[in-house]
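> After the structure tokens below, expect a handful of questions from me.
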Amino acid sequence: MNAYSAPALALLPSGGVAPELLFLLFHGLGADAQQMQALAEALRAQYPQAAVLSFDAPEPFDGVPGGGSGYQWFSAQGLDDESYPGRVAAALPGFIARVRTCAAQYGLAWERVALGGFSQGAIMALEAVQAEPQLAGRVLAFGGRHAQLPAHAPEQVSVHLLHGMADTVLPYQYAVESAQTLVRLGGDVTADVRPGIGHELHPELIAKAMEQLRTFVPARLWREAMLAAAEQERQERTTD
């Protein structure tokens, strides 16, 4: 088994500068860390002060006779909606520990950590922030889903769902349903579904993710700004 010994892909700030942000990337079923290369390079270009790391999953892929050359976060053999939550829950402790270890290694607070995943890696990232408070401030989930629809919104986490409408492996309706659920629960979420894109880490979805990272202002920040403005107005009235 691969035991998360070291990132298989690492893009670090130049000149030995300490990173100000940390992006941890997680590949899909049967693939490896190199699958996330295009996303890693896009993040590095937009955030040169960030460390961008991608890991191979800890289990060898078991989806074909004799296994394959890639890895998996959990087995998809015989997987259905009933068994999804249990499979993911069993894989989460090691996944969460890896995120914590990386954040500690670079001395970064959880708000400066972002998780990016494709397919099975997206499932793990989405469920990790559901299960573990103050793990990461953002999630970029490409072609993924929740193992089960959330009963609460992850506190102070911005979730960005990106999906292709032509995805036949994990249909885009999963992303829509997740987004609707998180909005109803008061979460900070965006959902971008693009036509003509299948189950892939498509350049158009990566570009949209970069835009969301640049421009999306979490609702909680608006709420905090409104409360601060109201308090300032109250104090001004009191002193008049």
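The values are calculated or read from the model by the stated rules, or taken from the named source; none is laboratory data. These numbers come from a predicted model, not from an experiment. Reconstructed Cβ throughout: ideal geometry from the backbone, glycine too, with neighbour counts over all protein chains shown. Note: areas computed on protein heavy atoms with side chains; ligands, DNA, RNA excluded. Shrake-Rupley method; radii C 1.70, N 1.55, O 1.52, S 1.80 Å.
> Return the residues of segment 134-156 that are over 16 Å from A89 (Cα atoms), open to solvent by less than 10 Å² (accessible area, probe 1.4 Å) and in contact with an Asp or Glu (Cβ under 8 Å, 6 or more places away or on another chain); say none if nothing qualifies.
G137, G143
To keep it simple, each residue is scored yes or no on (1) modelled with pLDDT of 95 or more; (2) among the aromatic types (F, W, Y); (3) open to solvent by 60 Å² or more (accessible area, probe 1.4 Å); (4) not in a loop (DSSP other than H, G, I, E, B).
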position	(1), (2), (3), (4)
L25	yes, no, no, yes
S54	yes, no, no, yes
S75	no, no, no, no
P85	no, no, no, yes
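> Restricting to segment 133-164, what's the tally of residues that are part of a loop (DSSP other than H, G, I, E, B) and either farther than 13 Å from Q180 by Cα or of a type in the set (F, W, Y) (or both)?
13
> Another question about this same structure. Free of Cβ contacts under 8 Å to residues at least 40 places away in the same chain and among the small types (G, A, S): which single residue out of A153, A122 fits that description?
A153
> Would you confirm whether any residue within segment 174-185 is at pLDDT 95 or above, outside any helix (DSSP H, G or I) and not hydroxyl-bearing (S, T, Y)?
Yes.
> Would you confirm whether any residue within segment 220-230 is surrounded by 14 or more Cβ atoms within 10 Å (Cβ to Cβ) and not basic (K, R)?
no
> Only one of (1) open to solvent by 10 Å² or more (accessible area, probe 1.4 Å); (2) in contact with a strand residue (DSSP E or B) (Cβ under 6 Å, 6 or more places away or on another chain); (3) within 19 Å of V157 (Cβ to Cβ) is not met by A131, so which one is it?
Status for A131: all satisfied but (2).
> Looking only at segment 191-200, filter to residues that are of a type outside the set (V, I, T) and open to solvent by less than 30 Å² (accessible area, probe 1.4 Å); which one of those is nearest to R138 (Cα to Cα)?
D192
> For Q105, all conditions in the list (1) part of a helix (DSSP H, G or I); (2) touching a residue at least 60 places away in the same chain (Cβ under 8 Å) hold save one; what is the number of the exception?
(2)
> Could you please find all residues in segment 115-127 being open to solvent by 10 Å² or more (accessible area, probe 1.4 Å) and of a type in the set (G, A, S)?
S119
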